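Please treat every number below as a calculation from the coordinates, not as lab data. Just so we're clear, the structure is a prediction, and the values are computed from it rather than from any experiment. For neighbour counting, all protein chains shown are included, and Cβ atoms are generated from backbone atoms with ideal geometry for every residue, glycine included.
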């Protein structure tokens, strides 16, 4: 009888192991361009570990983030376009501050029994001088569903070298400041990798969600002694090759612990490369970012802060041995907003039902990419609160805009960004957005213009508060900046 009970117990235990929710590791690079890794076309930057992940998994080649750091992280954490996301005092900040009443990806997984850890750049917090960390705890990782946090509350800086500015980032462990002023970024990837491996080892006996948001390769760039000066891609390449090493360490640790068969790893970037050789790309502007300190988006047009493909389309690799078919590729539209509903489904739970979530579950696309189309009828390209383009299938519609839209703030400074006439691009045959075919396809243009109009009404625009935008505080809803633009 005891033997029978033991056998039943073992069978039940085995079933529990097989049916257990998967571990999830999400690796988010900063300012990594579409073609900055080998398996997406880089010739100079060597990324053998990411290339192996792609060979053993899936490359998503029409995967979208947002055009700049803060909005991109808001989209990732909430599963929503940032213009929809609530912010403290009902404001719309240049870099989104996620309201404490928003429900994040980490909160969804934490509620499903996951251990949750955030390592790296957060950039979603509300500054608060009276707080030990300098930020409102309700808007920081520990207040947004993460059990633990080790990283920076903001970005590295906005200059090529740390010494070029008075700004210094802090380094936090949870709410405690452990480094008041970071003077060098050379060892940040090593530090984050150490913390990531420790988190995996500590939580290997239960489902875990690790969000590893690298500061690199955002300027000021850093790389440790093992990588500095070693890449043909210059300082930028050094930083990317160290991130590749870090990914290799994570995969190796998962294998050593026997977790690879039950762990989904996603690698992607927050936006395209920050290419700004002169300030605002003005022909006679002051020199700014040397070319070897920023990445590449070829064959895409544009770069970070712009809504051409190079600003939002980013490399994405999905790896899960035995679940995701090896060596596969999909050009179906997908986005960081899809990760919340995707991870929720894998965890056996659901996204919050009391609010609109813009993302869609990518499960079928991940597990059967050759037979699965995009769950999206359209993807919307925002520059902060300004809707600038819409993609549906292979077609991309670009709305008119002035050269320096004042309502997009600092990111509106780029020379040559004007769009003087409505444009339509066939991304299947013209991935570089070089040929406007609007006159040849008036029916397609009309359909996408209607999609843009519906998005403006529901999500909002620089001059219109969307009916679906969330405002949680008792404060006057702000009036968008005045201005005119054609739809």
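General remarks:
- Ascending count of other beta-carbon atoms within 10 Å, so fewest first, for 149, 209, 367: 367, 149, 209
- For the chain, DSSP calls about 50 percent of its internal beta bridges antiparallel.
- Helix 442-458 axis, angle to the chain major axis (alpha carbon atoms, nearest 10°): 70
- Helix 234-256 and the longest principal axis of the Cα set of the chain meet at an angle near 30°.
- Residue order, fewest to most surrounding Cβ atoms within 10 angstrom, among 289, 275: 289, 275
- Helix axis angle, 69-78 relative to the chain longest principal axis, alpha carbon, degrees: 50
- Oblate is the label for region 379-465. Its Cα gyration tensor axes, ordered a ≥ b ≥ c, give a/c of at least 1.5 and b/c at or above a/b.
- Considering only alpha-carbon pairs that sit under 8 angstrom and 6 or more positions apart, the relative contact order computed for region 379-465 is 28 percent.
- Over region 205-250, the ratio between the Cα radius of gyration and 2.2 N^0.38 Å evaluates to 1.34.
- Cα gyration tensor shape of region 138-250, rounded if a/c is under 1.5, else prolate or oblate by comparing a/b with b/c: oblate
- Inter-part distance where region 354-406 and region 179-225 are each reduced to a Cα centre, Å: 30
- Over region 327-415, the pair-distance histogram of Cα-Cα distances with 5 Å bins from zero comes to 3, 12, 17, 17, 15, 14, 10, 7, 3, 0 percent, rounded to whole numbers.
- Longest to shortest principal axis, alpha-carbon extents of the chain, angstrom: 81, 51, 51
- In the chain, Cα pairs under 8 Å separated by at least six residues give a relative contact order of 21 percent.
- Distance between the C-alpha centres of region 322-350 and region 256-318: 21 Å, rounded to the whole angstrom.
- Every Cα-Cα pair in region 37-120 was counted, and those over 17 Å apart are 63% of them.
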